[in-house]
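Report on the following structure.
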Amino acid sequence: MSQREVVKSISQLMQKEMIGRNYDRITGGAAKVSSTFVPGNLNELLMCFDIANNLPEINAIQNAMRKKSGEMITEAERAGHSEDVCTYVKADIGMMAKGNIAPNGKPFPDPDVLLLSYTGCFTFMKWFELLREQYKCPTVMLHVPYAADGRPTRNMRDYIVKQLKEDVIPTLEKVSGIRFDIDRLRGYLRKSAVAEDDLVWMLESSKRRPSPIDCYFGGVYYMGPIFTAFRGTDEAIEYYRLLRDEIEDRIARGLCAQTPDGDMPEEKYRLVVEGPPNWTSFRDFWQMFHEAGAVVVASTYTKVGGVYDYDGFRHDPDHPLETLADYCLGVYTNRSLPTRVDMLVRNLQEYDADGLLINSIKSCNSFSAGQLVMMREIERRTGKPGAFIETDLVDPRYFSAANVKNRLESYFQMIDQKRRSGGSAASAM
Amino acid sequence: MRTFIGIDLGSTTTKAVLLDENLEVLGRGITNSRSNYDVAASVSKQEAKIGARFTLFRQALGSGGGVELLLEVLERNFRLEQFLSGLRQLEETCEAYLEDPRFRDVKGALRQALSAVFRRIEEEAPGIYAPGADRKSDFFRDIAGSRFMNLSESVSRESGVAFDAMLNIYDKSIIDIESRVSSDETVSRQLSNGLSRALSEVKGAGIGEAGARAALAKALECGLEETYVVGTGYGRVRLPFPKEHIRSEILCHGLGAHMMFPGTRTVLDIGGQDTKGIQVDGNGIVTNFQMNDRCAAGCGRYLGYIADEMKIGLHELGPMAMKATRSLRINSTCTVFAGAELRDRLALGESRADILAGLHRAIILRAMSIISRSGGVTDQFTFTGGVAKNEAAVNELRKLVRENYGDVTINISPESIYTGALGGASFARRAVLA
Amino acid sequence: MGARPVQEIVAFCQEIFEDLHFAKAREWKAARPGRKVIGYMPVYVPREIVHAAGMLPLGILGGGADMEVIHGDAYYQSYICRIPRSTIELAITGKLDFVDGMMFPSICDVIRNLSGIWKLLFKDKYVRYFDAPQNFRDEVGGVFYANELRELREGLERLGGRTITDGEIRRSIAVYNENRRWVNRVYDFRAASPWKAPSAEVYLLMRAGMVLPPEEHTLLMREYLAAAEAVDRPMRDNCRVLLTGAFCEQPPLNLIKSLEISGCYIVDDDFMLVHRWLLEEVPVDGDPIWNLSRAFLRHSAQTAAKYEPDMAEKGSYLIDSIRRRGADGVIFAAPSFCDPALLDQPMMIRRLEALKIPYITLKYAENSGQMQPIREQSGTFADSIKLWSAS
């Protein structure tokens, strides 16, 4: 992490504590541990079996922000993994080779089960096939079909529910020795929905001018609990309540978005961002935005662990397994390109944004393949300009600060120039 | 008079353009970029001011006979003056380095040897700037460096003084010289001396000496106020300018191309490090742009690698490619593999011309995809950057544009290297008078 | 057809291979009004259903080694493989204008998203992302897959304006059973006497099957086998290798030739797996949809795009093929940036290392130009295998 001083709010401190406690639980040795992915993670279901939830992407992110991912990736490449493939996978495999130490400094235990929630990302399947070779533990596949035609079909939903009943739940019962209790699941799902309401309120607070929050860089913090091991818990409810209070206070005081360097003095540009952030230079990357007075009012990355605003999805305790299926089917990377375009168009309009920025990630074809077509289509539909930059998730070799800054500057100045010329109607002088 | 200046700090050269209030170009200046960006900017600015003096001189001379000839002769003689005073400074600096304790034992011999070298360069100097003389570069560092190298080698052989020591002193000194900027007074003196040389050279050509001197005096009298300066280019962030004086090169390029060719709607710039596709509206305002992604494949530097690999000059690539009888298909424009691909092809017995034709096509294909990404080609199309000087590349571009976008006017300006600086200067003008 | 010599048959295939306008498929479509052509991408689609609808399944495998991509690069970043960009180039330059629909199987995220690009760019075309199950229980994955097949059937019925009967699907199953039998015979023949059936020829023969109707392709293979058997060709002192990883983006033909020239007979490969995906005959009686579904679940090839629920079984298809074909070693040939091939590779390599089976790895793009390094690598591999087996 950077040595610069960081301004943190109470909710951030609370989250830090929550994450710390989860790592302590994972590494403590008392609880059974599952590894599973953020998109389509079945936290409420795992809780029914008292299984701790360890998410490899989050570990890779933590390592990247501590500047450790680079050497882990090189380690994996030395062991025969191609330089062409996903760096989350390589950071994970490299971490294992380097002793598998959790962010709390204790070694990760071998997982008791790999819950392969195969949702919106092809690499997930290979990732856990690779981990399975290492851990030789029970591995259960939950295949979530791709919602290619914009909405999930009955067949897809039935298929997921059947996999839950026939494969996932029996495996978790066996691993944990705890019988599945559907009412316990209902209880957790009810709590999920409460937190999800506040989450959506938070997401939509950035429709205001100025936006009280940054919904990309700040957003990744705000999404933390709901995307990870806390959905369905009282802590998550409390966290989102607290966050809401903080944002309401910011609104009342007319503050611009909060950054690690304090509140933005002025909001000059409002952007919608598509694609995950870069993690190795996260703070420098953010700084390029807030120094220019740019705030991100909506982002697709904050939908990667579940889409709650676009079509109003909430976990539904009355249809517990079906709602898990719908949740998985609906995560952002499982959506078709036309749906993603529609989502972004609506974001640009409803959040009154100046334009769309795409951060195209080398590692992530699920996000990246087709983004140039999306950009053109969105520009055409909204008349708002798009910009395209390229970085990577956790590979420091793929973040060229000068390059990114150059493009961002050009983009902001282009927006300025367009504004000044009133949509270029005025004369050149 | 009020002037508006744009400075484009590129990776290899720094350019400046000086505009008057009516957006007329008064002068252009160029110098090699160096580690001290501030100096590079100042030198290019001074060069642009020199250009402006010439413009003013021409105006003061009026349209009498022999004006063009006089200007041409003055230009050469002024450059000679400039070179000679640079050389004097270089020699003085070298002298100062002789005081270094490690040269204590050889100081006398070294001084003699250096002096011999500098005398010979001085003797050669008029030849370097003689009418019709061919210079590979106009930058002092390049000319003085190559002469010094050649001459000190033979002097070293004759005198027995270590070549390395001479080179060492030169290397240190040239860095000092490169960090200096000529003052306005120095420039005035050089111009006056240059004019004296010029007048004696054209004696009998019917040019009035008194009139010329008066015209130069008038041109030198005119104050060139730096009303507003805008910096752009890849090194712009390193310019010691306040933020509002800095503009992205994309915007400057778009506006510069519009200034040169007002009908411009699409701009392609192939520079050393990047390739840009820019769309502008009728007022030169950028509406969309794309640059090459992280990978610098197919940029100008690629041709540089190829030239190095073939051991020929960059400017010789185009003409050689023009001699091709067919164009080979080259798939990789990766700079890293450029050499390997070339050697592979040569080993297969392919001709250099045919390979080069293929390489030029590959670069332009890559540029076409960047243009396509930015929104395609709309009439008129302006091509800028170093590669726009390469005839083989231009031919391929014309062909591909015609095939993919039909009949489109393609503009290429001989001053295209100044496009970014020109755009910057126009922004400077707007900042004050908008 | 008369008895054509091998060269003529191969030349015929080569012409089909090089023709990016797909004249043969256009001719087929023009021969009768109302005919439809459905394009499909690797690795597997149930062509039987398309065939039963009276439509021509047309395999689209990118633009090959010689097509210049001008616009396609505007659609894809440099770190994405080449097949989607050249496929887009084919489409936007009008080479696929006669294709009425496209099927994108669930092979990876790039091809998955290409289905979305198609929907955005070609709104008047039928576009089907075709998901195959990663759960192999009858009542779970089997039911899901059967329903997906039914949806495909209904979609094609709407497109064609007529119903597709069970009888028609059964007949198409039989046609493809027959086609697969001959594909397997060609592969067996090559494995038995690789000097008689050079891999470049076998490859072109299989590529023809991407464009020709299956009945014609079957006849072509029969003709080729008869002709190839009759020709006397010199046997070379090559080693026998299995090539794997090239199931989607195709290597340039020159690469295949280079491997053989440098001393490696390819005795098995995973090019165009769609021809050989189903490992057994699909029953022609009973519910045809269910039969196709069950064939997929129980008797289909293993490849990187398919999950292997049993870790012990991972790689067994590859190992079995090595044994069955008597291969001396394996060449992992993966397209640059191919997630499935490159992520699977370390696991396959571990299996081979445990069995001390030699291998090399190489990367290509469909337009790779430099063969010298590849020839050198595979030549060294061949030499080392010969040395190793001699000692």
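Couple of notes before you dig in:
- A single member of B:Arg373, B:Arg361, B:Arg402 is assigned to a helix (DSSP H, G or I), among the charged types (D, E, K, R) and touching an Asp or Glu at 6+ places or on another chain (Cβ under 7 Å), and it is B:Arg361.
- Subset of segment C:128-138 [outside any strand (DSSP E or B) and more than 7 Å from chain A (Cβ to nearest Cβ)]: C:Ala132, C:Phe136, C:Asp138
- Residue that is farthest from B:Val181 (Cα to Cα) [pool: residues in segment B:84-95 that are surrounded by fewer than 21 Cβ atoms within 10 Å (Cβ to Cβ) and touching a helix residue (DSSP H, G or I) at 6+ places or on another chain (Cβ under 8 Å)]: B:Glu95
- Segment C:345-361 residues that are within 12 Å of another protein chain (Cβ to nearest Cβ), paired with ones that are among the acidic types (Asp, Glu) and assigned to a helix (DSSP H, G or I) (beta carbon under 8 Å, 6 or more apart): C:Met347/A:Glu129; C:Met347/A:Glu133; C:Arg350/A:Glu133
Residue-by-condition table, conditions (1) surrounded by 24 or more Cβ atoms within 10 Å (Cβ to Cβ); (2) part of a loop (DSSP other than H, G, I, E, B); (3) touching a Leu at 6+ places or on another chain (Cβ under 8 Å); (4) small (Gly, Ala, Ser):
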| site | (1), (2), (3), (4) |
| --- | --- |
| C:Glu8 | no, no, no, no |
| C:Gln14 | no, no, yes, no |
| C:Lys24 | no, no, yes, no |
| C:Glu27 | no, no, no, no |
| C:Arg35 | no, yes, yes, no |
| C:Gly54 | no, yes, no, yes |
| C:Asp66 | no, yes, no, no |
| C:Gln77 | no, yes, yes, no |
| C:Ala91 | no, no, yes, yes |
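- Of the listed requirements (1) aromatic (Phe, Trp, Tyr); (2) part of a helix (DSSP H, G or I); (3) closer than 21 Å to B:Gln290 by Cβ, B:Tyr418 misses just one: (3).
- Residue identified as assigned to a loop (DSSP other than H, G, I, E, B) and not assigned by TED's automatic domain parsing to the domain that holds B:Gly272 among B:Ser44, B:Ser35: B:Ser35
- Any hit, segment C:289-301, residues being assigned to a loop (DSSP other than H, G, I, E, B) and either small (Gly, Ala, Ser) or within 16 Å of the chain's Cα centre (by Cα) (or both): yes
- Here segment A:73-92 is the region considered, the condition is being part of a helix (DSSP H, G or I) and surrounded by 24 or more Cβ atoms within 10 Å (Cβ to Cβ), and the residue that is nearest to the other protein chains (Cβ to nearest Cβ) is A:Val89.
- The residue that is nearest to the chain's Cα centre (by Cα), counting only those in segment A:332-380 that are more than 13 Å from chain C (Cβ to nearest Cβ) and among the charged types (D, E, K, R), is A:Arg346.
- The residue list A:Tyr332, A:Tyr310 contains one member that is in contact with a Ser or Thr (Cβ under 9 Å, 6 or more places away or on another chain), within 22 Å of A:Glu204 (Cβ to Cβ) and without any contact (Cβ under 8 Å) to a residue 40 or more places away in the chain, which is A:Tyr310.
- Residue check, A:Ile58 out of contact with any Pro (no Cβ under 8 Å at 6 or more places or on another chain), assigned to a helix (DSSP H, G or I), of a type in the set (A, V, I, L, M) and under 30 Å from A:Arg184 (Cβ atoms): yes
- Filtered residues of segment C:70-127 (kept if without any contact (Cβ under 8 Å) to a residue 40 or more places away in the chain, at the interface with chain A (Cβ under 8 Å from one of its Cβ atoms) and among the aliphatic types (A, V, I, L, M)): C:Ala74, C:Leu120, C:Leu121
- Within segment A:103-149, being more than 13 Å from every other protein chain (Cβ to nearest Cβ) and within 20 Å of the chain's Cα centre (by Cα) holds for A:Pro103, A:Leu115.
- Residues (among the hydroxyl-bearing types (Ser, Thr, Tyr) and either within 25 Å of A:Arg419 (Cα to Cα) or within 13 Å of another protein chain (Cβ to nearest Cβ) (or both)) located in segment A:308-331: none
- Boolean, B:Thr378 is assigned to a loop (DSSP other than H, G, I, E, B), polar (S, T, N, Q), closer than 24 Å to B:Phe261 by Cβ and away from chain C (no Cβ under 11 Å): yes
- Residue pairs whose Cβ atoms lie under 6 Å apart, separated by 6 or more positions or on different chains, with the first residue in segment C:289-317 and touching a residue at least 40 places away in the same chain (Cβ under 8 Å) and within 12 Å of another protein chain (Cβ to nearest Cβ) and the second of a type in the set (S, T, N, Q) and part of a loop (DSSP other than H, G, I, E, B), are C:Tyr307/C:Gln134.
- In segment A:150-247, counting only helices (runs of 4 or more DSSP H) that sit wholly within it, the ones holding 3 or more residues that are among the charged types (D, E, K, R) span A:154-163, A:182-205.
- For C:Tyr364, the conditions (1) more than 7 Å from every other protein chain (Cβ to nearest Cβ); (2) more than 21 Å from C:Asp109 (Cβ to Cβ) are fulfilled apart from (2).
- Only one of A:Phe124, A:Phe108 that is under 17 Å from A:Ser366 (Cβ atoms) and touching a residue at least 24 places away in the same chain (Cβ under 8 Å): A:Phe124
- A single member of A:Val38, A:Val85 is in contact with a Gly (Cβ under 6 Å, 6 or more places away or on another chain) and among the β-branched types (Val, Ile, Thr), and it is A:Val38.
- When the test is whether a residue is part of a helix (DSSP H, G or I) and either without any contact (Cβ under 8 Å) to a residue 40 or more places away in the chain or closer than 22 Å to A:Arg335 by Cα (or both), A:Ala387 does not pass it.
- B:Gly127 being on the phi < 0 side of the Ramachandran plot and at pLDDT below 95: yes
- With respect to the conditions (1) in contact with a Ser or Thr (Cβ under 7 Å, 6 or more places away or on another chain); (2) over 30 Å from B:Tyr418 (Cα atoms), B:Ala367 lacks only one, and its number is (2).
A quick yes/no check of all residues on (1) within 21 Å of B:Arg329 (Cα to Cα); (2) surrounded by fewer than 16 Cβ atoms within 10 Å (Cβ to Cβ); (3) not charged (D, E, K, R):
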site: B:Gln380; (1), (2), (3): no, no, yes
site: B:Glu396; (1), (2), (3): yes, no, no
site: B:Arg402; (1), (2), (3): yes, yes, no
site: B:Leu433; (1), (2), (3): no, yes, yes
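Here's the yes/no breakdown for (1) of a type outside the set (Asp, Glu); (2) under 23 Å from B:Ala52 (Cβ atoms); (3) within 14 Å of chain A (Cβ to nearest Cβ):
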| site | (1), (2), (3) |
| --- | --- |
| B:Glu158 | no, no, no |
| B:Ala165 | yes, no, no |
| B:Tyr170 | yes, no, no |
| B:Ser173 | yes, no, no |
| B:Asp184 | no, yes, no |
| B:Leu195 | yes, yes, no |
| B:Ser200 | yes, no, no |
| B:Glu209 | no, no, no |
| B:Phe241 | yes, yes, yes |
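The values are calculated or read from the model by the stated rules, or taken from the named source; none is laboratory data. Note that the structure is predicted; figures quoted are calculated from it, not measured. We place every Cβ from the backbone using ideal geometry, glycine too, and count neighbours over all the protein chains shown.
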